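*Asks:* First the structure, which I've put down as structure tokens, then a few questions once you've had a look.
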Amino acid sequence: MIDVAVVAFTQRQEAAISGESEVEFMVPLMEQAKASVGLTQSDMGFTCSGSSDFLAGQAFSFVMTIDGTGPVPPISESHVEQDGAWALYEAWVKIQCGGIDTAFVYGYGKSSPGSVRDVLATQMDPYYVCPLWPDSYAIEALAARLMLEGGHVSESRLAEIAARSRASAASNPHAVRTDPKSVAEILAEDYVIDPLRPSDLPAEADGGCAVVLATGDRARELCERPAWIRGMDHRGDAHTLGVRDLTSSASARLAAHHAGVAGDKIDLAELYGPFTTSEHLLIEALGLDEDSTAVNPSGGALAAHTMMASGLIRIGEAASRIWRGDGDRAVAHATSGPCLQQNMVCVLEGD
Amino acid sequence: MSSEVLQAPLVLEYPFTRSTGPVIGAFLTGLRDGVICGIRRADGTVLCPPQEYDPLTAEPLTELVEVGQAGEVVTWAWNGDPRPMQPFDRPFAWALIRLDGADTSMLHAVFAPSAAEMSTGMRVRVVWRTEREGHIADIAGFEPIPAVETA
């Protein structure tokens, strides 16, 4: 295996970025990420992006963002219609094929022009489920009741996760939901969709992020303490909700196993749990001990949920803490689909 | 530079039709006729709604079977603020419903007057639309079966 590290990361997340297109807000982010390690687009061996034409409402919308990278002379690039974390996975595989020592990865989404809660109904089964337009909160609420009534979690545990996210997000300039609330205050909130309260739901955001990857000695030249990718794996559960056990995450457990999470202590974890219920399931599936692992020190996706970027942002948040020496070994996680249908787990280490 | 945001209409279109195939097509045709189908898996259990391939093992599935028109609520969520295009314009419950004779559950709406009338394990039965066209919404939703009838 070729050693690959995350050496640069920039992000922007706001409740709504109005008056700027995706390309307009991504160009400065992409430039800053490359400039922070003294590289330009022509230095990149490969470029891969994650975004959604469906969310943008325009076919091949991502091509305009590729133009924004400054792809002259012509570049080697690819795009995934997925969170940027999956674009990073493709770039990592591309690097393993040999011949390049750098890659540029970015992801972005702007969901504020519509209601992402409703738009997400369109990711469900097109014949049996989507025509009923169950919104994403309703779908998660079905899983939440199974978890609560089955004794897999309590409402106070969910409120603790929400309170921790709010407290951590207070020091994150990119978080959207940053006002602190106590467990008691959260439990006093009215349900949005019984049994989920406002604090159980993701704070939707617009934005994006950009990451530079580099190999071996090149990474050491570019970054004082590179965040080495020691293991990465992604797995999926069935699309059909009715055949799945919604009280655990089999695919996250499998991805964590193959990524080698259990090999050593984990100092910090950045988990893409859009709901408190999903974060709880992920802590269990990854086998994390909250006494020894700082879970979502950024506040996580509860504090700022940017479609198509929240997963890659988790990798960037974990990597930047390794650069700073906040931890030596971290796990970053990305998800996609209803009720944690698909999961990616990435283990990062500092030297 | 002007701060005016340019706006233009954009109509998303899907201007072609697709065949629903031998399994999903049979289920939808069944709905038009007031019948609900599942499909038998290799282990003998019945998947409803049916799929052409087993979602866990990917084996092709072909043995369609009729299932009941009543069943049990496996989980539910109270939708106090229904959104446009959802099955009912008054508060209702979303539920995963396991129909009699099926081993997996399907998503649909339960028309209960309030969350207090909902419980996991409760019995519900299908409410058919009068005009049916072979669509999941041919099932208007499900209604609670009063305990006296269940007993």
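*Asks:* Among the residues of segment A:113-129 satisfying the criterion of being part of a loop (DSSP other than H, G, I, E, B) and of a type outside the set (Asp, Glu), which is farthest from B:Met85 (Cα to Cα)?
*Replies:* Narrowing segment A:113-129 to residues part of a loop (DSSP other than H, G, I, E, B): A:113-115, A:124-129.
Then drop every residue that is not of a type outside the set (Asp, Glu), which leaves A:113-115, A:124, A:126-129.
Numbers: A:Pro113: 19, A:Gly114: 15, A:Ser115: 13, A:Met124: 15, A:Pro126: 15, A:Tyr127: 15, A:Tyr128: 15, A:Val129: 12 Å.
Among those residues, the one meeting the criterion is A:Pro113.
*Asks:* Let me confirm something: among A:Ala238, A:Ala252, which residue is closer than 30 Å to A:Thr178 by Cα and either in contact with a His (Cβ under 8 Å, 6 or more places away or on another chain) or modelled with pLDDT under 95 (or both)?
*Replies:* On the way: A:Ala238 fails: closer than 30 Å to A:Thr178 by Cα.
Going through A:Ala238, A:Ala252 in turn, the sole match is A:Ala252.
*Asks:* Moving on. Being closer than 20 Å to A:Val7 by Cβ, acidic (Asp, Glu) and either in contact with a Lys or Arg (Cβ under 6 Å, 6 or more places away or on another chain) or in the same structural domain as A:Ala56 (by TED's automatic domain parsing) (or both) is the requirement here; does A:Glu317 meet it? Steps first, answer last, please.
*Replies:* On the way: closer than 20 Å to A:Val7 by Cβ: yes; acidic (Asp, Glu): yes; either in contact with a Lys or Arg (Cβ under 6 Å, 6 or more places away or on another chain) or in the same structural domain as A:Ala56 (by TED's automatic domain parsing) (or both): no.
In short, no.
*Asks:* Could you tell me which of the residues A:Ala214, A:Ala144, A:Ala162 is touching a helix residue (DSSP H, G or I) at 6+ places or on another chain (Cβ under 6 Å), within 13 Å of chain B (Cβ to nearest Cβ) and crowded, with 22+ Cβ neighbours inside 10 Å? Let's see the steps before the verdict.
*Replies:* Numbers: A:Ala214 fails: within 13 Å of chain B (Cβ to nearest Cβ); A:Ala162 fails: within 13 Å of chain B (Cβ to nearest Cβ).
Answer to the check: A:Ala144.
*Asks:* To continue, here is another question. List the strands (runs of 3 or more DSSP E) that sit entirely inside segment B:1-101 and contain at least 3 residues that are facing chain A (nearest Cβ under 9 Å), touching a strand residue (DSSP E or B) at 6+ places or on another chain (Cβ under 7 Å) and not acidic (Asp, Glu).
*Replies:* Details: elements: B:37-40, B:64-66, B:70-79, B:92-99.
Here the list reads B:70-79, B:92-99.
*Asks:* Given the criterion surrounded by 12 or more Cβ atoms within 10 Å (Cβ to Cβ) and in contact with a Leu (Cβ under 8 Å, 6 or more places away or on another chain), identify the matching residue among B:Gly34, B:Gly30, B:Gly25, B:Gly38.
*Replies:* Values: B:Gly34 fails: in contact with a Leu (Cβ under 8 Å, 6 or more places away or on another chain); B:Gly30 fails: in contact with a Leu (Cβ under 8 Å, 6 or more places away or on another chain); B:Gly25 fails: in contact with a Leu (Cβ under 8 Å, 6 or more places away or on another chain).
Result of the check over B:Gly34, B:Gly30, B:Gly25, B:Gly38: B:Gly38.
*Asks:* Something else about it: Being in contact with a Phe, Trp or Tyr (Cβ under 7 Å, 6 or more places away or on another chain) and surrounded by fewer than 23 Cβ atoms within 10 Å (Cβ to Cβ): is that true of A:Ser320 here? Even if it seems obvious, please write down each step before you answer.
*Replies:* Details: in contact with a Phe, Trp or Tyr (Cβ under 7 Å, 6 or more places away or on another chain): yes; surrounded by fewer than 23 Cβ atoms within 10 Å (Cβ to Cβ): yes.
In short, yes.
*Asks:* Cβ-Cβ distance below 6 Å, separation of 6 or more or different chains: which pairs start in segment A:255-268 with a residue that is assigned by TED's automatic domain parsing to the domain that holds A:Met232 and end on one that is buried (at least 23 other Cβ atoms within 10 Å of the Cβ) and part of a loop (DSSP other than H, G, I, E, B)?
*Replies:* Cβ pairs passing all conditions: A:Ala256/A:Leu286; A:Val261/A:Leu286.
*Asks:* Sticking with this one: Tell me whether segment A:98-114 contains one or more residues that are over 26 Å from A:Met26 (Cβ atoms) and either more than 9 Å from every other protein chain (Cβ to nearest Cβ) or modelled with pLDDT under 95 (or both).
*Replies:* Within segment A:98-114, the subset over 26 Å from A:Met26 (Cβ atoms) is A:98-99.
Restricting the remaining residues to those that are either more than 9 Å from every other protein chain (Cβ to nearest Cβ) or modelled with pLDDT under 95 (or both) gives A:98-99.
The answer is yes; a qualifying residue exists.
*Asks:* Confirm whether B:Ala102 is surrounded by 22 or more Cβ atoms within 10 Å (Cβ to Cβ), touching a Gly at 6+ places or on another chain (Cβ under 7 Å) and over 25 Å from A:Asp118 (Cα atoms). Outline the logic, then answer.
*Replies:* Values: surrounded by 22 or more Cβ atoms within 10 Å (Cβ to Cβ): yes; touching a Gly at 6+ places or on another chain (Cβ under 7 Å): yes; over 25 Å from A:Asp118 (Cα atoms): yes.
So B:Ala102 passes the test.
*Asks:* So which residues in segment A:236-261 are outside any helix (DSSP H, G or I), surrounded by fewer than 19 Cβ atoms within 10 Å (Cβ to Cβ) and within 13 Å of another protein chain (Cβ to nearest Cβ)?
*Replies:* Here is the first cut: in segment A:236-261, the residues outside any helix (DSSP H, G or I) are A:236-240, A:244-249, A:260.
With the extra rule that they be surrounded by fewer than 19 Cβ atoms within 10 Å (Cβ to Cβ), the set shrinks to A:236, A:238-239, A:245, A:248, A:260.
Listed by number, the residues that qualify are A:Gly236, A:Ala238, A:His239, A:Asp245.
*Asks:* A:Ile75 - would you say it is of a type in the set (Val, Ile, Thr) and within 14 Å of another protein chain (Cβ to nearest Cβ)?
*Replies:* Values: of a type in the set (Val, Ile, Thr): yes; within 14 Å of another protein chain (Cβ to nearest Cβ): no.
It is false that A:Ile75 is of a type in the set (Val, Ile, Thr) and within 14 Å of another protein chain (Cβ to nearest Cβ).
*Asks:* Only one of these conditions is not met by A:Asp190: (1) assigned to a helix (DSSP H, G or I); (2) within 14 Å of another protein chain (Cβ to nearest Cβ); (3) among the acidic types (Asp, Glu). Which number is it?
*Replies:* (1)
*Asks:* Next up: All but one of (1) in contact with a Pro (Cβ under 8 Å, 6 or more places away or on another chain); (2) without any contact (Cβ under 8 Å) to a residue 40 or more places away in the chain; (3) not in a loop (DSSP other than H, G, I, E, B) hold for A:Ile139, so report the exception by its number.
*Replies:* Here A:Ile139 clears every test but (2).
*Asks:* Counting just the residues of segment B:134-151 that are assigned to a loop (DSSP other than H, G, I, E, B) and either at pLDDT below 95 or more than 15 Å from the chain's Cα centre (by Cα) (or both), which one comes out nearest to B:Ser19 (Cα to Cα)?
*Replies:* B:Ile145
The values are calculated or read from the model by the stated rules, or taken from the named source; none is laboratory data. Keep in mind it's a predicted model, so treat the numbers as computed, not measured. Using ideal geometry, Cβ is built from the backbone for each residue, glycine included, and neighbour counts are taken over all protein chains shown.
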